[in-house]
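Undergrad: After the structure tokens below, expect a handful of questions from me.
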């Protein structure tokens, strides 16, 4: 994978708004953003309601994902172009999620909703109606998703990249600064994790930084060993999906997993090691 | 309130000074000629312009951060290359209000 295989810019998306075989999908946590205006022809997916199991803490299962995509009018042959708010956090998460269930023809709009808005490009309010399909998903690709036992076993052996803010990493905050503080029982980070906040991979307009800057950020500045396996985590797995996208899809590292349990799971586990303080 | 995502709470939340509790809240509005700017973003930056958080503006041009106590820079981004900045101090149990005019 490389940048040109996975990222498209706003001009490209504008040119493909009505092209058959391409489905533009906005993914957000707060879907009122979509209702306020979205890229013309785009359908919406709700990060929480559509992608998370309503009872267990897990994803919707294969059958649920098939029903979701069928209902949205997305077929197995369609190329899905994802974008969203929060500098594409949730769109990158959906990208990872689509790959997990085997949808290979997936692209991400560089800069997401923010770049589109700051460019003053057209936003539509009408909701497109697409004919239902019979989507067939694959079994989850375990090579992309890290679970807690694997994360604990990776301490000191693999790269652990904590993409939260320095205050969350150090244990001073339990959530990003624009949210009320709550969630995991204990603050801190997984021992041996490097702190590379997701935001360092993005420009101010939400686009990803250039390949050489990204390589330098992880390899030289943070000391991530590109010859080793890597697990990225954050608080609930969406910011780390953004970093998973950078490492696996843009820079092409062969073995990168996203730990979607992330700090809300790890910081609530009994008996696991936790490190406090600044990054080393 | 319950919100286990990292995005801005849907539709915003209403908080008054007496409800700030143990939060250090920084909030305000972005207006153009007195009218709310509904398309734009506010970034919360720490020392050395270190990025900490970002929220989209609400329909009323409003924004809100739950910050750590201390000094912060707010940077507004809006269409037309608008870029405004202001420094603020946040304290636990207080709501610091900042109004921007484009």
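We did not get these values from a lab; they are worked out from the coordinates using the rules stated. From a predicted model like this one, the values you see are computed outputs, not experimental measurements. Every residue, glycine as well, gets a Cβ built from its backbone with ideal geometry; the counts of neighbours run over all protein chains shown.
Undergrad: Using R₀ = 41 Å, calculate the FRET efficiency as 1/(1 + (r/R₀)^6) where r is the Cβ-Cβ separation of residue B:47 and residue A:131; round to 0.05.
TA: About 0.15, to the nearest 0.05.
Undergrad: Which residue, A:67, A:241, A:202, has the most motion in a Gaussian network model of chain A that connects Cα atoms within less than 10 Å?
TA: Its mean-square fluctuation being the largest, the pick is A:67.
Undergrad: Can you give the Kirkwood hydrodynamic radius for chain A, in Å, rounded to one decimal and based on Cα pairs?
TA: It works out to 19.1 Å.
Undergrad: Right, here's the next one. Multiply the residue separation of residue A:53 and residue A:276 by 0.36 nm, subtract the distance between their alpha-carbon atoms, and state the gained length in nm to one decimal.
TA: Stretched out fully, the residue A:53 to residue A:276 stretch lengthens by 77.1 nm.
Undergrad: Per residue of A:233-246, what is the mean number of Cβ atoms on other protein chains within 10 angstrom of that residue's Cβ?
TA: Mean number of neighbouring Cβ atoms from other chains: 1.
Undergrad: On to the next question. Using only the Cα atoms, work out Rg/Rh for the stretch B:20-101, with Rh taken as the Kirkwood radius, to two decimals.
TA: Rounded to two decimals, Rg over Rh is 0.96.
Undergrad: In nm, to one decimal, how far is the residue A:186 label point from the residue A:225 one, both placed 7 Å along Cα→Cβ?
TA: Placing both labels 7 Å along Cα→Cβ, they lie 2.6 nm apart.
Undergrad: Tell me the label-point distance for the pair residue B:99, residue B:81, using the 7 Å Cα-to-Cβ offset, in nm and rounded to one decimal.
TA: 2.9
Undergrad: With a Cα-only, solvent-free Debye model of the stretch A:65-211, what are the log10 I(q)/I(0) values at q = 0.09, 0.20, 0.21 Å⁻¹?
TA: For the stretch A:65-211 at q = 0.09, 0.20, 0.21 Å⁻¹, log10 I(q)/I(0) is -0.40, -1.32, -1.34.
Undergrad: If the convex hull of the alpha-carbon atoms of the stretch A:191-280 is projected onto planes in all directions, what is the mean projected area in square nanometres?
TA: 6.1
Undergrad: Quick one: check the C-alpha center-to-center distance for the stretch A:202-280 versus the stretch A:141-165, whole angstrom.
TA: Between the Cα centres of the stretch A:202-280 and the stretch A:141-165 lies a distance of 9 Å.
Undergrad: Measure nothing but the geometry: give the 0 to 90° angle between the long axis through the Cα atoms of A:62-72 and the longest principal axis through the Cα atoms of chain A, rounded to 10°.
TA: Once rounded, the angle reads 40 degrees.
Undergrad: Based on other C-beta atoms within 10 Å, arrange B:81, A:61 from fewest to most.
TA: B:81, A:61
Undergrad: While we're looking at this one, here's another question. Can you sort A:44, A:115 so the residue with the fewest Cβ neighbours within 10 Å comes first?
TA: By the 10 Å Cβ count, ascending: A:44, A:115.
Undergrad: What list do you get for A:262, A:216 if you sort them by fewest beta carbons within 10 Å?
TA: Arranged by neighbour count, lowest to highest, A:262, A:216 become A:216, A:262.
Undergrad: Another one. Over the whole of B:51-60, what's the average partner chain Cβ count within 10 Å per residue? Rounded to a whole number, please.
TA: 6
Undergrad: Over the protein assembly as shown, what is the percentage of antiparallel beta bridges among all DSSP beta bridges, to the nearest 5?
TA: Taking every DSSP beta bridge with both residues in the protein assembly as shown, the antiparallel ones total about 50 percent.
Undergrad: Oh, and also: Contact order normalised by length for the stretch B:20-101, with contacts defined as Cα pairs under 8 Å and 6 or more residues apart; what percent is it?
TA: Computed over the stretch B:20-101, the figure is 41 percent.
Undergrad: Separate question: Taking only Cα atoms, what is the 0 to 90° angle, nearest 10, from helix A:89-100's long axis to the longest principal axis of chain A?
TA: With both axes taken from Cα atoms, the answer is about 80 degrees.
Undergrad: While we're here: Per residue of chain A, what 222 nm ellipticity follows from adding -39500 (n - 2.57) for every DSSP H run with n ≥ 4, rounded to the nearest 500?
TA: -6000 deg cm²/dmol
Undergrad: Which percent, nearest 5, of DSSP beta bridges in the stretch A:1-149 are antiparallel?
TA: 10
Undergrad: What is the spin-label model distance, in nm, from residue A:62 to residue A:76 if the labels are put 7 Å beyond Cα along the C-beta direction?
TA: If labels sit at residue A:62 and residue A:76, their model points lie 1.2 nm apart.
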